[in-house]
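Here's the structure we're looking at; comments come further down.
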Amino acid sequence: MASVFRSEEMSLMQLFLQVEAAYCCVAELGDLGLVQFRDLNANVNSFQRKFVNEVRRCESLERILRFLENEMEDVVKIVKLEKYPETPLPREMIDMETVLEKLEAELLEANQNQQTLKQNFLELVELKHLLKKTQDFFEAETNLPDDFFSEDTSGLLELRTTPSAAAAKLGFTAGVIKRERVIPFERLLWRACRGNIYLRYTEMDTPLEDPVTREEVKKNVFIIFYQGEQLKQKIKKICDGFRATVYPCPESATERREMLDGVNTRIEDLNTVITQTESHRQRLLHEAAANMWAWEIKVKKIKAIYHILNCCNIDVTQQCVIAEIWFPVADAGRIKRALHQGMERSGSTITPILTTIHTRMAPPTFNRTNKFTAGFQNIVDAYGVGNYREMNPAPYTIITFPFLFAVMFGDCGHGAVMLGFALWMVINEESLLAQKSTNEIWNTFFSGRYLILLMGIFSMQSPWEQACLFRY
Amino acid sequence: MTAHSFALPVVLFSAFWGLVGIAAPWFVPKGPNRGVIITMLVTTAVCCYLFWLIAILAQANPLFGPQLKNETIWYVRFLWE
């Protein structure tokens, strides 16, 4: 007999299902939540079970969903619907696979394109800054030959007036390097080239965004003047070592201006292309976000069904699936109805067959709870789950636990606070449940709301009996 | 209004908790939770009544009175006579 004072009577039955109907029947039983399947294949390795491929496919779908969720994280908000979606049929899994794999490929491609575009953009911006800064360098460079060529005094006057001629004698390398690396770079150049080079650098005003790490980095523009081919090779190697990007910079001012204009137009074009790719990517994510939550639930359900089917015996000769289930005797009618529904949904005609198994195994302990008694049953079970058909202490715990708490606590004022808090939680139960918070501490408090309510009530009345209203 | 008799509170509280613990269970509507509610009422009545009864009996028959200094006793005697 079903009663709250004892754990319920359970019966063990063997379930014969047709192979086509098996999936739907297990789905219906899962929705009902009243049945425990025994694992008939406990000695079989999990990689050798029958439906391991389907489970693998579900896992790959979950991986794709996780990837999509990561991409959507800061961009789109995933909408959670009120009702859970229905358990999908096996053929829906194939549809989901195609859709999700296509989405994943498109998103990866969009990400890749965006990265290359941003890289190009970065290079162009650096080049633009470089061209601007080298302007200053070349103008200041007219004083340079003074320090450089101390022997060649006669040519100095000519050199001063014709900077282009001086530049023709020297080779130069212009590029961009990260700000942290400038000092060691300078030191190494000085040592390697034995002081025969001239390095100038200034800071770039705007920090740039690195496309790979999406961080902002500060860079400096530098220009190195040298003479001779060997120094050129050395400088090139050192620049490579310090990951400084070297840009070809024309020598004459007019060429530089032309290049600057070209770079500016290219930057504008690239900007438009980048914004377009970004909006395309956002569109993809928005479309996916509408269905994300439903997909996640569906994949979880399919995976769970296949896990259960893995526990059953497959009798291929007779085309049926054999499962052993424990269920409460009081719910036999509901289970038979659910099996019938599953059979209709799958379109098979053979009804599932239930036969009782007589066994000496200890049946599982099942205590039926509602939302009020569930909290107290949890506390009792934490000390140890009772044996089958043993007396259930939970109904008495509902009162004695808060009462003893109140005897020890006995504070009217703080009891009022607890009562207020618990009342707020109980009155706003539905809206708080719908929020589905993942915060563990909040969940602990919320699932114990009736407990806190009773503790508050008893705490308020216990001080009156003890004649001790406010404890400090 | 001071309660001179000891019997009045005893009768009042016994009647109250008797109502809660013995009379009210008969009026609980039939439903799936009838057993739980009746258990709750009876347990509450027993626990709270017992708690109150022990407290009032202990306070009415104290083991010792207030430990006062001699000066205090003389002053109280003077004040009350």
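List of remarks:
- Gyration tensor (alpha-carbon) shape descriptor, the stretch A:375-472, a/c threshold 1.5: oblate
- For chain B, the alpha carbon convex hull comes to 124 Å³ per residue, rounded to a whole number.
- Neighbourhood charge, 13 Å Cβ-Cβ cut-off, centred on residue A:342 and excluding it, Lys, Arg +1 and Asp, Glu -1: -1
- Centre separation in Å (Cα based) which lies between the stretch A:198-277 and the stretch A:49-115: 41 Å
- Rounded, prolate or oblate (a/c below 1.5 giving rounded, otherwise prolate when a/b exceeds b/c) for the stretch A:289-373 by Cα gyration tensor: oblate
- Sites listed here are chymotrypsin sites (Phe, Trp or Tyr not before Pro) in the stretch A:365-452 whose DSSP assignment is loop and whose Cβ has at most 16 other Cβ atoms within 10 Å: A:388.
- Relative counts (whole %) of C-alpha pair distances in the stretch A:312-428, using bins that are 5 Å wide: 2, 8, 11, 14, 13, 10, 10, 8, 7, 6, 5, 3, 2, 1, 0
- With helices as the sole contributors, chain A gives -20000 deg cm²/dmol at 222 nm; each DSSP H run of n ≥ 4 counts as -39500 (n - 2.57), and the sum is divided by every residue.
- Listed by chain and number, the aspartates and glutamates whose C-alpha is less than 16 Å from the C-alpha of residue A:336, apart from same-chain residues fewer than 8 away, are A:28, A:31, A:324, A:344.
- Summing +1 for each Lys or Arg and -1 for each Asp or Glu among the other residues whose beta-carbon sits under 15 angstrom from that of residue A:45 gives +2.
- For residue A:372, neighbours were defined as the other residues whose beta-carbon sits under 14 Å from its Cβ, and their charges (Lys and Arg +1, Asp and Glu -1) total +3.
- Loop-located GluC sites (Glu not before Pro) in the stretch A:173-242 whose Cβ has at most 16 other Cβ within 10 Å (DSSP): A:215
- Of the chymotrypsin sites (Phe, Trp or Tyr not before Pro) found in the stretch B:26-72, those in coil by DSSP whose Cβ has at most 16 other Cβ atoms within 10 Å are B:64.
- Accessible area (Å², 1.4 Å probe, nearest 10) - residue A:303: 40 Å²
- Proportion of all alpha-carbon pairs of the stretch A:49-117 beyond 15 Å (%): 67 percent
- Rounded to whole Hz, the Karplus (6.51, -1.76, 1.60) HN-Hα couplings of the stretch A:120-125, x for glycine and proline: 4, 4, 4, 4, 5, 5
- Per-residue HN-Hα couplings for the stretch A:329-338 [Karplus 6.51, -1.76, 1.60; θ = phi - 60°; Hz; x = Gly/Pro]: 4, 5, 9, 4, x, 5, 5, 5, 5, 5
- When the listed pairs A:128/A:219; A:118/A:178; A:298/A:371 are checked against a 22 Å cut-off, the alpha-carbon distance exceeds it for A:298/A:371.
- The reciprocal of the average 1/r between distinct C-alpha atoms defines the Kirkwood hydrodynamic radius, which for the protein assembly as shown equals 33.3 Å.
The values are calculated or read from the model by the stated rules, or taken from the named source; none is laboratory data. Keep in mind it's a predicted model, so treat the numbers as computed, not measured. Ideal geometry is used to build each Cβ from the backbone, glycine not excepted, and the neighbour counts take in all protein chains shown. Just so you know, the surface numbers come from the protein's heavy atoms only, side chains and all, with ligands and any DNA or RNA stripped out. Shrake-Rupley method; radii C 1.70, N 1.55, O 1.52, S 1.80 Å.
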